[in-house]
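Structure record follows, encoded as C-alpha cells.
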Amino acid sequence: MANIKVKPGLHKAQYRIPLDLAGWLKERAEANMRTINSELSMVLREVRQREEKENNHVT
C-alpha cells in the first residue's frame, strides 16, 4: 500500500454518494468556482454552523 502524505490538519477519506448528489455537488462547485472537495467542505461547514446555531438557541 502506498504511503500517501496528507497536509497537517486534513483527513484523507473516500466516500460514496448517490449520483444525483454528486451531480448537484459538481454543478454547485462549478458555479462557485471551487473544486468538488472544497465545495463539499463548504456545504458541511454550513450545515455544522446551522446545527450549532440551532442547538445554542434551544431552551
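Each value in this text was obtained by applying a stated rule to the coordinates, not by laboratory testing. Quantities reported herein were computed from a predicted structural model and do not represent experimental measurements. Backbone-built Cβ (ideal geometry, glycine too); neighbour counts: all protein chains shown.
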Seminar exercise, completed: Helix-only [θ] at 222 nm, the chain, -39500 (n - 2.57) per DSSP H run of 4+, per residue, nearest 500, equals -19500 deg cm²/dmol
Exercise. Taking the Cα atoms of the chain alone, what are Rg (to one decimal) and Dmax (as a whole number) in Å?
Worked result: 15.0, 50
For this session: Calculate, for residue 49 and residue 27, the FRET efficiency according to 1/(1 + (r/R0)^6) with r their C-beta to C-beta distance and R0 25 Å; round to the nearest 0.05.
Result: 0.65
Exercise. HN-Hα J couplings of the stretch 37-49 from phi, Karplus 6.51/-1.76/1.60, θ = phi - 60°, integer Hz, Gly and Pro as x?
Worked result: 4, 5, 5, 4, 4, 5, 4, 5, 4, 4, 5, 4, 4
Exercise. Got a sec to turn the phi values of the stretch 5-18 into Karplus ³J(HN,Hα) couplings, 6.51 cos²θ - 1.76 cosθ + 1.60 with θ = phi - 60°, whole Hz, x for Gly and Pro?
Worked result: 7, 10, 4, x, x, 10, 10, 7, 9, 10, 10, 10, 10, x
For this session: Choose one of 15, 49, 32: the residue whose Cα lies farthest towards the positive end of the charge dipole of the chain (beta-carbon charges +1 Lys, Arg; -1 Asp, Glu; about the Cα centre).
Result: 15
